[in-house]
1. Only Cα pairs under 8 Å and at least 6 apart count here; give the relative contact order of region 9-289 as a rounded whole percent.
2. To the nearest 0.05, what FRET efficiency results for Ala54 and Asp269 with a Förster distance of 41 Å applied to their C-beta separation?
3. To the nearest 0.05, how large is the calculated FRET efficiency for Ala169 and His66 if R₀ is 30 Å and r is the Cβ-Cβ distance?
4. Given Cβ point charges of +1 (Lys, Arg) and -1 (Asp, Glu) and nothing else, what value in debye, to the nearest 20, does the dipole of the chain about its Cα centre take?
5. For a Förster distance of 35 Å, can you work out the FRET efficiency between the beta-carbons of Leu285 and Met85, rounded to the nearest 0.05?
6. Using the 10 angstrom Cβ neighbour count as an exposure proxy, how do Asp154, Asp119, Asp88 rank, fewest first?
7. On C-alpha positions alone, give me the angle between the axis of helix 269-289 and the longest principal axis of the chain, in degrees, nearest 10.
8. Using only Cα atoms and rounding to the nearest 10 degrees, what angle (0 to 90) does helix 23-35 make with the longest principal axis of the chain?
Amino acid sequence: MSISELPQKDYMHSGHVGCPGCGATVAMKFALRALGEKTVMVIPACCWAIIGGAHPQTALNVPILHTAFETAAAASSGLRAALDMKGDAETTVVAWAGDGGTFDIGFQALSGAAERNEDFIYVCYDNEAYMNTGVQRSSSTPYGSRTTTTPGRDWKHTRKKNIVEVLAAHRIPYAATASIAFPEDMIRKFQKAKEMKGGTRFLHVFASCPTGWRIPTEHCIKIARLAVQSNFFPLYEVEKGVHYTLNYEGNRPVKDYMGGQGRFKHLKDGDYQQIQTMVDEDWQLLLRKTGNCHPRRGSEDETGMS
């Protein structure tokens, strides 16, 4: 899919209350372009519960069901059942949650729905901390990051949970990563998830946060692109839990990605070397799962996928 072939109709209004440079708003814009108007968004407590606006106003031109922090997957399951009872097979139900409501608080409901193979799309827009409540660490927060709950010199010393591998282990029809810096790839994956119909489809979307990551607002897309180009956040798909497809191969050091962010400014060269080793190990494991396929390598000035 080329840029000229991307769907252009927006279902998101400009009057939202997201922070300047918010990656989560870019993610929603692209997702709805792919999904279209026959979509219902189930949104638990998260940044987007605020960004969308207070009732009766909304930044979206699709219905929204606001729900409790831990219940996005359960509410989506019930909504899908209700639509089926009405004979509505056209409307796509989408759970739209942050990393706190996916990796942590909402994981029990998500795992249960995935085990039952409920028919909806679950999207985690990942900004790697509880940004809406003050930048507290989550199990999505990466190794080396400092948050408001890792004070002083005690930055996070544990790895980020690999949520796609966890969902793939449920053997759901489709799990994939996507990035706001690669719109063609992201929109293709959302369209694919929509067209699959039936069963749980999971999309893990990398959404940079200038506020929590302490980066300039205009670097939102640049930082998201560097995460992919350094293999810190690989782009890949998993079908039925076992069939892996790698979409992109990066070639830049992780310091290029991490070095410009305030949340990592305390790291020393030895820390970066350790993190590079972790990223390289994870990348080699992913290559083995994909059969050592080698997709096109990206250039430094690339803005998307072809």
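1. Working: 569 pairs, mean separation 49.4, N = 281.
Reported relative contact order: 18 percent.
2. With a Förster radius of 41 Å, E is 0.30.
3. Numbers: r = 30 Å, r/R0 = 0.99.
The computed FRET efficiency comes out at 0.50.
4. Details: 34 positive and 32 negative charges, 63 e Å.
About 300 debye.
5. On the way: r = 43 Å, r/R0 = 1.24.
Using R0 = 35 Å, I get an efficiency of 0.20.
6. Lowest to highest Cβ neighbour count: Asp154, Asp88, Asp119.
7. Approximately 50 degrees, to the nearest 10.
8. So the helix axis and the longest Cα principal axis differ by about 40 degrees.
Rule-based calculations on the coordinates, nothing more; no lab input. Computed from a prediction, not measured in an experiment: that's the story for all the values here. As a convention, Cβ positions derive from the backbone with ideal geometry for all residues, glycine included, and neighbour counts pool all protein chains shown.
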